[in-house]
Structure formats: C-alpha cells, structure tokens
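Every read-out reported here was derived from the displayed coordinates using simple, explicitly stated rules and does not represent laboratory data. These numbers come from a predicted model, not from an experiment. Glycine also receives a Cβ, built like all others from the backbone with ideal geometry; neighbour counts cover every protein chain displayed.
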Amino acid sequence: MRLSVLKETAATEPRVSASLETVKRFVGLGAEVVVASGAGLASGVSDAEFSGAGASIAADNAAAVAGADVVLAVRRPEAAALKGVKPGALVIAIADPYGNEAALAEIAATGASLFAMELMPRITRAQVMDVLSSQANLAGYRAVIDASAEFGRAFPMMMTAAGTVPAARVFVMGAGVAGLQAIATARRLGAVVSATDVRPAAKEQVESLGAKFIAVEDEEFKQAETAGGYAKQMSAEYQAKQAALTASHIAKQDIVITTALIPGRPAPKLVSAEMVAAMKAGSVIVDLAVERGGNVVGAVPGEVVTTDNGVKIVGHLNVPGRLAATASQLYAKNLYAFVETLIDKGSKALAVKWDDELVKATLLTKDGAIVHPNFKPAEAAASAA
C-alpha cells in the first residue's frame, strides 16, 4: 500500500497533511509513505525529518502520486495533479465541494475516490477526525492574537502608579468552536468579553467561559439549531432584530471578532457599514469568514483595511495556516484517525467499508462519478430518484 503526501501548491497554504508522528504510524500499519519534497517546509518539517520518520522523499507531487493507493492533501488537489494514481485510489483532503461541482467532476474522471474531511459527521466516534473543529479552534485563538497585535493597547486592566489602564472590551459574534476559543483566549488575556450566537445551547457555553451573552431570545431563537449542531439560516425579521440589538453594543467595543459560517452558504453579513462607522478610532474587527464573503461590510480578503473613522478590519486568509506547525499536527492526526479505519490491520491492505457511515458521509467521487447526494449533477440525482 503506497500512501502519498502532497506538497500544497496554493500560495496561501503552508500546512501539510502528515506529521512525523503520523508517518511513523502509517509505516506501522504497513504503508509505504512517500512525501513530496518540500511538503513540510512551511510547517517546520524538513525532508530529512520525514525521511528519518520512515518516509521516502519524492522529487515532486507527480512522482509522489505515481502508483499511489492513498493520496493525502490539505486542500483538494487539481485533477491534473492526480495523473498516475492507481484506479480507485483514495484522495483525502479538505475538498471544498460547495459550488465546485465542475472540479469534482474532473477528479471523478480520473477514477479516484475523493473524500471531503470537512463533511465528517459530528458523532462520538468521529470526534478525532473532525477537521472543522481542530482548525476552527486554532482560528479562534489566532483571531484574538491578531486583534491584539493590531489594537495597539493592552488587553487587561492594569492599576499602576501612573494611572489605571481599562480592560479591552471584546465582542465575539458566533459561539461555535472558533468563537468559544476566541472567548477563552480573550478572557485569558484579561479582556471584558461578550458574545452572541443564534443557537440557544451557546448561551450556557458562553457564560461558562465568563462572557456575557447577547441575543434576541424569542421563539425563533429557541429553534435555531440543526440536528447536527449547526446554526440555521435565520429569517430576515430575526436578523433585523438581532442587528438592532448588536448595533448599540458594537459601538462600545474595542474589538469585534466574527466567526459565523453556515456550511454551503455565503457568510451572513453581521456587521454593517453603519456599525463600523459607530466604533471608536483604533478599534479592531477580525472577520474569520472573509473567505466565504465575510461577515463584515468592508472586509477585504487577505488585507487589513483601515476605515475613514480609524477602525481596522482584519481579513487574513487561511487563519489556521497562520499557525501552520500546530494546525498541520492536528490535521494530520485527523487524517490518520480516518485512514486507520480504511485499512485492514491483519492484511495491512486497504479495506474500505463503503457502507460505513463515515465513508458515506465524506465520499464525493467513486468509479468515475460524483456519488455524494448533495453534489450529484441534477440529471444524475433525478435518475437516482
């Protein structure tokens, strides 16, 4: 069994899909691990270290994928990059399938079976495979660190002989994994923290971290969570009421961090131009949803924008990648935990259970076709029905 680790080609992607620990574990499972040269450099892992862990080093991605049974990547590789893989090879990555059906069809045409790690169901046995949580946790932490760097003032209250420094006021919008870590980090740095979310369960979580919960708690709010634990799309009426409540709150904040994303949808706009205009000069907004259109009016992907009234809007791309070494370590562990379920430990060969709920939830392409029900072409979905 040949398992290949690709070098990421996107300029904004420093992460790598294997760690020294997982390479050793894959070798222990009987895999021949091949790592494309330079794959780990941006995450602080050299070719020599991968070699020392038991991997072979290939000259480039093309050499790495040649004859591969399993291909690991951070981002979905281009179909052209999979030339030379075995028919039916497993390609496992963060596949970003929404709106990218044409790219999925191209990968399907290669004969590879593409798995999307971000579609992993949120059930107990799959917690260790949850890439959304592992990466969002780091994004929430990094958002606060980035905000503090741009803020130019201290976070905690300080009482000194020269006077008292007031604590920074931090408002976190969206209390999922990223938001909760942002709350915890801001609290550890000494800020006065408040937060909002449309999911009722978030209130207790926010308050347990020592933050104040801000939300319109009406009947719609009480039903605003899917069975999978995600936020539902809220009505225009609710959004208007919530906007009115948060507008006056935002005006008093030093730092706002927005984290709201709904899978498969553009990021909801939470902070209007009027809200930004009401904030004090020197305030900072960090938009963690900027790659999906952004929660903040005026956010620009990949840039830090300073508004006319002196508010900085931070729109860094790939925020988990700003902690590349840690993010890679966690992502690699997520991948290993999933791949381990696809290998027969006795024969040390691939043995995919195609009816397993984890496989069915994450499998996008197989045998030359897009097979995931959410992404099948319309005509294929109609014939299947």
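How big is the gap, in Å, between the Cα center of the range 9-69 and the Cα center of the range 274-344? Each part's Cα centre sits 26 Å from the other's. A cut-off of 5 Å between modelled amide H atoms, ignoring neighbours fewer than 5 places along the same chain, links Val35 with Val5, Ser56, Ile57, Ala58. Using the alpha carbons alone, the radius of gyration of the range 226-385 stands to its Kirkwood radius in an Rg to Rh ratio of 1.11. Here's how it looks for Val256: its modeled amide H is under 5 Å from those of Phe171, Val284, Ile285, Val286, which are all 5 or more places away or on a different chain.
Can you give the percent of C-alpha pairs in the range 289-332 whose distance is more than 13 Å?
59
Neighbours of Ala109 by Cβ distance under 14 Å: Lys/Arg scored +1, Asp/Glu scored -1, total -2. Projecting the Cα positions of Gly176, Ala48, Ala243 onto the charge dipole of the chain (unit charges on Cβ atoms of Lys, Arg, Asp and Glu, taken about the Cα centre) puts Ala48 furthest along the positive direction. Working from label points 7 Å from Cα in the Cα-to-Cβ sense, the Ala361 to Asn374 distance is 1.1 nm. In order along the range 145-160, the Karplus-derived 3J(HN,Hα) couplings, from 6.51 cos²θ - 1.76 cosθ + 1.60 at θ = phi - 60°, round to 4, 5, 5, 5, 5, 7, 5, x, 9, 6, 7, x, 5, 10, 9, 10 Hz, and Gly and Pro are given as x. When the chymotrypsin sites (Phe, Trp or Tyr not before Pro) in the range 330-377 are filtered for DSSP coil states and for at most 16 other beta-carbon atoms within 10 Å of their beta-carbon, the remaining sites are Trp354.
The peptide list 282-295, 81-94, 42-55, put in order of mean Cβ contacts within 10 Å with the highest first, becomes 282-295, 81-94, 42-55. Of the residues Pro87, Ala136, Thr124, the one whose Cα sits farthest toward the positive end of the charge dipole of the range 83-143, with +1 on the Cβ of Lys and Arg and -1 on the Cβ of Asp and Glu, is Thr124.
At full extension, Val305 and Lys252 could sit 17.1 nm farther apart than now, given 0.36 nm per residue minus the alpha carbon distance.
Hey, rough spin-label estimate for Ala277 and Ala10, points 7 angstrom out along Cα→Cβ, what's it come to in nanometres? Using points 7 Å along Cα→Cβ, the separation is 3.5 nm. Which one of Val216, Pro166, Pro200 has its Cα pushed farthest toward the positive end of the charge dipole of the range 158-313, where Lys and Arg give +1 and Asp and Glu give -1 at the Cβ? Most positive-ward Cα: Pro166. Multiplying each eigenvalue of the alpha-carbon gyration tensor of the chain by 5 and taking the square root yields semi-axes of 40, 24, 18 Å, largest first, rounded to whole angstroms. Using a simple spin-label model with pseudo-atoms 7 Å out from Cα toward Cβ, Ser46 and Lys83 lie 3.3 nm apart.
Across the range 184-198, coupling constants 3J(HN,Hα) worked out from phi with the 6.51/-1.76/1.60 Karplus curve, θ = phi - 60°, read 4, 5, 4, 5, 4, 7, x, 7, 8, 10, 10, 7, 9, 6, 8 Hz, and Gly and Pro carry x.
Of all DSSP bridge pairs formed entirely within the range 238-345, close to 25 percent run antiparallel.
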